[in-house]
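Dropping a structure here in structure tokens format, bear with me for questions.
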Amino acid sequence: MEMNEALTTKELPGTLVVFMIGQTCMNLEATGTVETRTVRSAPSYPDVIPKQKIIKQERHHVDSREVGFLVKAYLPDVLVVEASVAVNSILADTTLELKRKLVTECRKVLAEYTCNREFDEEYSVYCISGYQGDPEVYLSLYGDRIVAFLKNENEQLDEEEVSATLASYLKYGKDDITIVDWDGAFIFDAAGDFMSNIELFEIANLQLLRSRILADDLDRRLEMTLNLLRTPKTVPLIRSRDIRKVLKEIIEIRTQSILESETIEHNIKLIGDWYSARLYTLIARKYHLDEWAKDIKEKLDMLEDVYTMATENFSISYRATIEFVILAGWFVLLLLYVAEFLLLR
């Protein structure tokens with residue numbers, strides 16, 4: 001097996017890419033459009049891979065290194081901050097410290113756009129190119145070091161943990177390999193085609209962010225509906241408008257959630273069994289996106305059941321209130337009739 005000299009040394013140069021994704025309440029104005037950057041063969045389906053809008057590009061120094069920052073948006077409200085820097089030794093201890101500083105800088109940018117501090121996603125991609133031969137040779141030499149970087153650990157990991165992590169990989173050609181983990185990935189590509197893979201990592205993190213936000217929103221809606229059920233059945237008429245407003249919001253969030261989930265699944269199925277789809281499937285499995293989707297579906301089903309109960313409770317309370325008003329009216333009329341009868345005597 002042919003092997004470049006760079007694969008036999010820890011002084012392996014590469015590029016570190018760190019990105020963070022957050023949701024903002026601002027109106028994201030774009031200065032341009034970035035088309036899908038996938039270079040490898042893939043079918044041409046419009047809108048399968050979301051297009052990105054560039055907000056700004058700039059370069060400044062972090063830890064005495066020149067770092068490129070790209071700020072872009074998945075409209076209408078998701079912001080991506082991507083930082084990239086070339087390093088002489090991508091497996092050096094200083095790389096992990098540099099990564100932590102880049103995360104801090106990216107989070108500062110998210111704060112500038114008033115992104116939700118409770119929900120964001122960060123991910124690191126270690127990119128290596130310019131070698132010859134099968135990069136699996138490099139994995140056999142420094143696999144434990146790679147896994148430690150993916151786990152953000154400085155200590156030596158168990159062999160089983162190393163083997164299990166390195167098993168989550170995908171190869172397209174003889175000279176490339178992508179290793180996927182929860183917090184980061186290593187991409188070996190002799191030609192340096194990293195952006196097509198990084199874009200898929202960003203999209204998967206986007207779906208994870210949306211799933212987390214949606215699950216939290218459904219929890220709050222569910223609690224709101226349960227509080228509604230605890231309201232006494234003799235609800236004053238003055239509360240009826242508030243109750244109808246709450247129920248309307250529940251219906252809207254349920255409808256929106258179903259539409260978004262079906263759209264995501266439909267778009268992924270359109271890609272088919274191509275490289276992008278297979279890599280996305282691997283990423284989605286690491287992110288447990290199927291489990292998130294299942295949890296959201298269960299919350300939606302539960303919300304629908306509770307919503308039905310709340311509707312029935314509201315109807316009963318409303319009818320009871322109307323009946324009480326009618327009876328009170330008849331009682332008042334009866335008193336007036338008695339009073340009139342006594343006055344006429």
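Express in nm, to one decimal, how much length is gained between R117 and H288 on full extension, taking 0.36 nm for each residue of separation and deducting their alpha carbon distance.
Taking 0.36 nm per residue and subtracting the Cα distance, the gain is 59.3 nm.
Another question, then. Label A92 and E160 with points 7 Å out from Cα along Cα→Cβ: what is the distance between them in nm?
3.6 nm
Further, regarding this structure: When only DSSP loop residues count, what trypsin sites (Lys or Arg not before Pro) in the range 81-161 have their Cβ near at most 13 other Cβ atoms within 10 Å?
none
First measure r as the distance between the Cβ atoms of Q57 and W182, then evaluate 1/(1 + (r/R0)^6) with R0 = 30 Å and state the FRET efficiency to the nearest 0.05.
0.55
Let me ask something additional. Peptides 55-65, 125-135: what's the order by average Cβ count within 10 Å, highest mean first?
My ranking of the peptides, most packed first, is 125-135, 55-65.
Under 26 Å between alpha carbons: how many lysine pairs meet that in the range 99-174, if sequence neighbours fewer than 8 apart on the same chain are excluded?
6
Only the coordinates and a few stated rules stand behind these numbers; no lab work does. Remember, predicted model here, so these are calculated numbers, not experimental data. Reconstructed Cβ throughout: ideal geometry from the backbone, glycine too, with neighbour counts over all protein chains shown.
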